[in-house]
Amino acid sequence: MKLQGQTILITGGSSGIGLAFANKLSHNNTIIICGRDIDKLNNAKKKNSNLNIIQCDVSNENSIKNMVENLM
C-alpha cells in the first residue's frame, strides 16, 4: 500500500492509536482526523499543525453526512 502523497481520513484520530498513526503519517500525507471531542481535536492540532480536524460522531448518520459535505 502506498502511504506517501495520500489524503487519509482517520476516525477516532484525536487520541490513542488513531492519533499516533495520524502523527506518523502526517509528514508525507494530508491527514484528516475526526472525533467527537472538539477539545481533543484542537489539542491534537496544536501539537501537530499538519493535521486537519473535523468534529464527527461516526455513530450518528447526520454527523457523517455533515463530515462528507465538509470534505467535498
Sum of -39500 (n - 2.57) over DSSP H runs of 4+, divided by residues of the chain (222 nm, nearest 500): -13000 deg cm²/dmol
Segment Thr11-Asp57, extension gain: residue separation times 0.36 nm, minus the distance between their alpha carbons: 15.7 nm
Residues Val68 and Gln4, FRET efficiency given R0 of 22 Å [Cβ-Cβ distance, rounded to 0.05]: 0.35
Reach of Lys47 by Cα under 21 Å, taken over lysines that are not fewer than 8 positions away in the same chain: Lys24
For the chain, size of Cβ-based charge dipole, Lys and Arg +1, Asp and Glu -1, in debye: 320
Tilt relative to the chain, helix 16-25 - C-alpha long axis, 0 to 90 degrees, to 10: 50
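Readers should treat all values here as calculations from the given coordinates under stated rules, not as data from a laboratory. Since this is a predicted model, take the numbers as computed values, not measurements. Heads up, the Cβs are rebuilt from the backbone with ideal geometry, glycines too, and the neighbour counts pull from every protein chain shown.
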